[in-house]
Each structure stands twice: as C-alpha cells, then as structure tokens.
1. When the stretch 96-140 is examined, which residues are found to be open to solvent by 20 Å² or more (accessible area, probe 1.4 Å), at pLDDT 95 or above and of a type in the set (A, V, I, L, M, F, W, C)?
2. Out of the stretch 171-214, which residues are touching a helix residue (DSSP H, G or I) at 6+ places or on another chain (Cβ under 6 Å) and among the acidic types (Asp, Glu)?
3. Just the residues that are among the polar types (S, T, N, Q), under 19 Å from residue 27 (Cβ atoms) and crowded, with 16+ Cβ neighbours inside 10 Å, please, taken from the stretch 48-85.
4. Taking the criterion of being hydroxyl-bearing (Ser, Thr, Tyr), without any contact (Cβ under 8 Å) to a residue 60 or more places away in the chain and either under 23 Å from residue 283 (Cβ atoms) or open to solvent by less than 20 Å² (accessible area, probe 1.4 Å) (or both), would at least one residue in the stretch 189-211 satisfy it?
5. Have a look at 248, 234, 257 and point out the one that is more than 15 Å from the chain's Cα centre (by Cα), over 18 Å from residue 120 (Cβ atoms) and among the charged types (D, E, K, R).
6. Restricted to the stretch 146-156, and to residues that are open to solvent by 10 Å² or more (accessible area, probe 1.4 Å) and among the polar types (S, T, N, Q), which residue is farthest from residue 167 (Cα to Cα)?
7. Looking at the stretch 215-235, which of its residues are open to solvent by 30 Å² or more (accessible area, probe 1.4 Å) and in contact with a helix residue (DSSP H, G or I) (Cβ under 6 Å, 6 or more places away or on another chain)?
8. Regarding the stretch 272-285, can at least one residue be identified that is in contact with a strand residue (DSSP E or B) (Cβ under 6 Å, 6 or more places away or on another chain) and either of a type outside the set (Ser, Thr, Tyr) or assigned to a loop (DSSP other than H, G, I, E, B) (or both)?
Amino acid sequence: MTNAFAHTINYDTTKSSCDNHALRQLNILQSKASSIFSFNQTIHYQQNQGREVSLSTDLDFYQNVENQQWCFSIKDVLSFHWSKGSKDIYYHLHAQGSPELLHYWLLHTLLPVYLTIENIYEFIHAGGIEIDGRPVLFIAPSYGGKSTLTDFFIQKGHTMISDDRVGLIEEDDRVMAVPSYPFHRPYRKMEDLGIDVKNFSPHPKPLDSVYLLQPAPETALISFEPLQGLEKYKALQYNVDFNLPLNKARSFALIAKIARSVDVYTLHLPWDLKRLDEVYEAIHEHQYNRSRINYDI
C-alpha cells in the first residue's frame, strides 16, 4: 500500500504517480451502454464543478455487500459503474463527455468514491504537505484558505500529499495519511486537475498533526489553539470528504482514532496574503516546538 490512487491502472493515468496494492489490477473499461444494471436507489448531490452528480445502487445504501452494483454519474458527461469487490470499473461517455473529462472525473472524484465504498480508505477534505518529513493537514470550509496555504508551502519546496483530499487508513495502530495524485490547483477553474507537482509524497506516513484554519482580521495575531474532546472530533468529522450513507461505524471509528491520537489545532489565520510568509514561519516554529516535546528533539 502506497498511494491512494492507482499507477498501474489499465488506463492512461500515468500522471497519477500512484501505486496501491489494492488497485494495481484495476481496469477502467469502456461500456457500450450507459448502464448494464438496474439501480433502485439514487442520491443526488449538490452541484460539483457546475455539474449535477449522483450515486446509485441496486440494493439499500446501508448494505454495501459483495457484488452490490454501484453507479456514479455526472449528468450529460459520463457515468461509471462497478460491482462491489470487482477490479473492473466501466465508464460510458455521454453527449458532453470527452477523454479529458474522463481523466479529470476518474482521478478527482470517482476513485475516492470507489475507494470509500470498497472500504479501503476514508477521505478528509484537506490540503496536505510534509514538514520535516511528517504529514501535516490543513482543513477549512471552501474558500477558507487551505488551498492558498498548501500552495505557499509547495512553493517553499515542501512535499505535497494532496491539495484537496487525503486518504486515511489505520495501520499498525497508527493513522496513515495516503497521498492522492501529483496535481495541484492553486486557481479556481472548473474540471481542471491543475499543474503537475514534482515534489510529491511517494508513500503513506503516520499523520502528524492537523490545523483547522480560522480566518481572522488582517491585523490579528497568528495564534494556535489546541482542540480537545468533542470539539476536536467535530472539526474532523465536519471535514470528512464523502458523507456517504454507508460504512458509518468504520468512519466513526477512524475519526475517533484520529481525535485520540493526533494533535489538532485551530490556527487563527490573518486574512491578508501579505502575511503568508509570517504565517509560514509561525507554523514552522509551532511544529518545531511540538517536535521538541513529542519527538524528544
């Protein structure tokens, strides 16, 4: 197990730079029909990238059992369908579909949905970078500053884990942060993976710490406040990326594990781009002080 998405996938995803043992034999196959199954239950989600998206299944959502059929659709663009436990994912391009959109939706959304349904990873909506080789995540609502801060660390030469969502898995009693794909989108553009990132984390590592970004006035002091107990759990749960009506017990257990074992801080972030260098240095100092205590440096 290394990365969240497949590298040796039988489809042109070489840009994903991933190599996951659970996905090495994953096949992305074109289907001649939009669906070969009958789907009885459907959830329609809020618009994603300006598109109407939905998730359907032939059984109850809460069952999620072997051979259960699943379909993820982007209206007028394409649909994916697969059988639970299978390594074959079928796609069908619709009127507005294209190879470029197939590549985008496969990497950006379908594979995380598939990995969640297949009980391989949970995902948190976060920007992730490494500081001194340790995974650090930034969480915040949309337009809350996590992409900007992630981009700033990347520009400073830090290794990227993900700029949008991070896979999480418990392994050897530790919560591992799993890299996604080496694209970073520091700008707002629909259905665009972004720019290729060379300094990309090749392997999962134990999650070190999480910062919940809290916008503050431009002149505010940069400060860090440790979260404890229920507030810590709520901050993490609110940022779980796919709130699917399945695997609830598994998701709860993993978030509770993070809340017990990983430091989470509110970072009061002055809303002023001119102070990003100052914020960067403050985070570094904060991490250094943590390291002296936690790692006996």
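The values are calculated or read from the model by the stated rules, or taken from the named source; none is laboratory data. Keep in mind that what you see is a predicted model, and the values were worked out from it rather than measured. Please note: Cβ atoms are built from the backbone with ideal geometry, for glycine as well, and neighbour counts cover all protein chains shown. For the accessible areas, the whole protein counts, side chains as well, though only heavy atoms, and no ligand, DNA or RNA atoms are used. Shrake-Rupley method; radii C 1.70, N 1.55, O 1.52, S 1.80 Å.
1. Matches in the stretch 96-140: 101 only.
2. Answer for the stretch 171-214, where residues must be touching a helix residue (DSSP H, G or I) at 6+ places or on another chain (Cβ under 6 Å) and among the acidic types (Asp, Glu): just 191.
3. 68, 69, 79, 83, listed by residue number.
4. No, every residue in the stretch 189-211 fails to be hydroxyl-bearing (Ser, Thr, Tyr), without any contact (Cβ under 8 Å) to a residue 60 or more places away in the chain and either under 23 Å from residue 283 (Cβ atoms) or open to solvent by less than 20 Å² (accessible area, probe 1.4 Å) (or both).
5. That would be 234, the only listed residue that is more than 15 Å from the chain's Cα centre (by Cα), over 18 Å from residue 120 (Cβ atoms) and among the charged types (D, E, K, R).
6. Per the criteria, the residue is 155.
7. Result: 222, 224, 233.
8. There is no residue in the stretch 272-285 that is in contact with a strand residue (DSSP E or B) (Cβ under 6 Å, 6 or more places away or on another chain) and either of a type outside the set (Ser, Thr, Tyr) or assigned to a loop (DSSP other than H, G, I, E, B) (or both).
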